[in-house]
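The block underneath contains the structure these notes are about, expressed in structure tokens.
Nothing in this text is a laboratory measurement; each read-out follows from the coordinates by a stated rule. Remember, it's a predicted structure, so these values are computed and weren't measured experimentally. Because the Cβ atoms are built from the backbone with ideal geometry, glycine has one as well, and the counts that use them run over all protein chains shown.
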Amino acid sequence: MSLDSAVGGDSVDGDLLGELFYPFFGVLFDPDGDLVGDVEAKLAEARMSDPVEMYVSRSLGVGVAVGVALAVLGTLLGYGVFALGVISPEALSLGVPAPNAGVRSLLRSLVVPATVVASGLVFGSIGFALGFGSLIAVPYSRASGREREINMLLSDSVSFMYALSVGGLNQLEILRAMATAEDTYGEVSKEFQSIINETEYFGTDYRNAIRQQSMETPSEELSQFLADMLSIVNSGGNMEQFLKDKKEKHLRTAKREQETTLETLELFGEMYMTLSLFPLLLIIILVIMGMMGEGDDFLLYATVYVLIPLTGVGFLVLVSTVKQDEPGNGYLRPTADDERVDEANRETLGHLGLVEGFVGDHGVFDRIKRREGTFKTKELLSAPHLFLKRNPAYTLAMTVPAALVLVGLALNAGAAPTTLDGFIDGPVWATFLWVYLPAYLTLIPLAAFYEWNQLSRRAVTGKLSENLRKLSSANDTGQTLLESIQTVADTSSGQLADEFEVMYAKVNYGMSLRNAMVEFNNTYAVPRLARTVKLISEAQEASSQITDVLTTAAQASENQDDIERERKSRTRMQVAIIIMTYVTLLGVMAILQTQFIDVMADLVEQGDGGTGAGFGGGGGIDPSVLSMLFFHAVTIQAVLSGLISGYIRDAELVSGVKFTVVLMTLALGVWVYVG
């Protein structure tokens, strides 16, 4: 039974386990105790509908099931080590003094059963802790994830509510608008959905609904905001001024949180310098021990192929706990009455958009679908680079098969070695064919199209704040929002101004301004842009004079610009540290190969009369083996350092592909010379 099936309340196995172990719940747990209360609170914060009694009972069942399975495994393992002769019973002792030979014989006879039982109990206890603890930890993990996303989006959410209040919406309408903005504000919107559902479906007064949600939300920031909002509602205070003050407060809070994150990343950068050099020091120690006849081939291979990857992956996981990616996919849902825009947003290689909803009703729609498919195919083949710019990952569909074909041709021609001896004889050539050539074919196109995609997005977001200020100024002169868009398009340059011209033309041809803005946003699908477009599109439906709203959008965008500039400046130092650490490691490895290994190998051969036995073989070393291991070590480190650099910089692994290609090329160039 999987963890997901055990967690889900509609799972038959989960319900069965919960019902079977429910009688034990009251015996083992206090229904009013701290543990049950904490789990119940986390279930509510994680938006999991399971009753706490049934959830804990199900967790008990999973823990017992896993514990019994591991207890059986532990018992068999304990018996097997004696049955197979791995450990002799005489080698173990219970440590109990025996007064005579009879007692000693009895104690010796108890060694095997005691060890088997102890092994089963230990494994069973570990299994129960894993099964029970893992299931209990699920609501805590989900609540923590929701809290992180809520805190990240709260600043923009408050700005959105302030814009709605400026547009003249009352308190309940603002709550309802937030509840329907899930495509932009994610988990924050879901919190307001709970308030609206309580009000509309259960007849709860919206004041009580706000109070209840302030106690159930996982975010302390949102809880405080809802409590303060409730006090304004109860006292009849100025909601617009309250939201304006909160907007400014949370903008400052977002900057402080970013500062804390960057300081933590700086600490991690210093940690990485130490962690990445540890395998190098261990390799040097193992090589010296090998020259003294005390080396072990297995330890050296394990250091290169296990320890180095685990160190890099572990550091990447550590960074991911602090580095926060931007929530949301950047897409906005169009209005319910515009099916064309909705279907256009769904167009993919396997979905042709609007016509898919009519296929099968009449033959003409089947013909339209075939013609549409032909048109889309011609459009793709005529400009494949534009499609790949929008979808960089699709380059792998072409480059991976090409890489496999080239490797297959090399194997067929006998140019690619397939044995360890072949790698040792020509480590650079063998590694180039098996690793570098496929990596170049797949990673270079991926990096190129990804960076092109990011460049086009930055061309829009780079002038967003400036153009929002221009829109606000034009709107303040009495122009409508559409006229302001035309004015900014005529007086500005760049990609965003071109998009404004397209937007203005679409409205003139009959499209609503809201849907024109949605189509513009979904072309780029940037979460930051989506929140700005959402704020403006909602406000403009109430009034064309939205100067305050545009000013608020500009302030939020400028705040995001400040955060981005600070992030790039600070993370640039972390990337520099990681790259310089790698260059240092590569230089030490090259010096070790050219100035130490070869010289020591010659000395050992002279001392042994030219009968060196190879690494770990009685004091001799094989420079070819070490050259292969060193080259593979710096190659693995290049891949990991590149990916970590990209993740620290942009919170995306694919952003590190360009660093990986450069560092791998540097390693290859150095080893072509020294290897």
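Just a few scattered comments:
- Order by protection proxy (mean Cβ within 10 Å, highest first), peptides 382-393, 213-224, 408-419: 213-224, 382-393, 408-419
- Measuring r between the beta carbons of Glu259 and Leu16 and using R0 = 41 Å, the FRET efficiency lands at 0.25.
- Normalised by residue number, the volume inside the convex hull of the Cα atoms of segment 444-518 is 94 Å³ per residue.
- Cα gyration tensor shape for segment 152-253, rounded if a/c is under 1.5, else prolate or oblate: rounded
- Between Asn508 and Ile126, the distance separating the two model label sites (each 7 Å from Cα on the Cα→Cβ line) works out to 7.3 nm.
- You can think of it this way: the chain between Ala118 and Asp183 has 18.0 nm of extra reach, that is 0.36 nm per residue less the Cα-Cα gap.
- Approximate spin-label separation Asp498-Lys249, in nm, with each point projected 7 Å along Cα-to-Cβ: 4.4
- Stretch gain in nm, segment Ser235-Leu28, where the contour uses 0.36 nm per residue and the Cα spacing is subtracted: 69.8 nm
- Interatomic Cα distance distribution for segment 618-675, bins of 5 angstrom, percent: 4, 21, 21, 17, 13, 10, 7, 4, 2, 1, 0
- Rough spin-label spacing in nm, given labels placed 7 Å along Cα→Cβ, for Glu216 and Ala576: 5.1
- Segment 403-459 shape via C-alpha gyration tensor axes, a/c threshold 1.5: prolate
- Once the Cα-Cα distance is subtracted from the 0.36 nm per residue extended length, the Asn412 to Ser49 segment shows a gain of 124.8 nm.
- Charge sum, other residues only, whose C-beta stays under 13 Å from Lys246's C-beta, Lys/Arg counted +1 and Asp/Glu -1: -2
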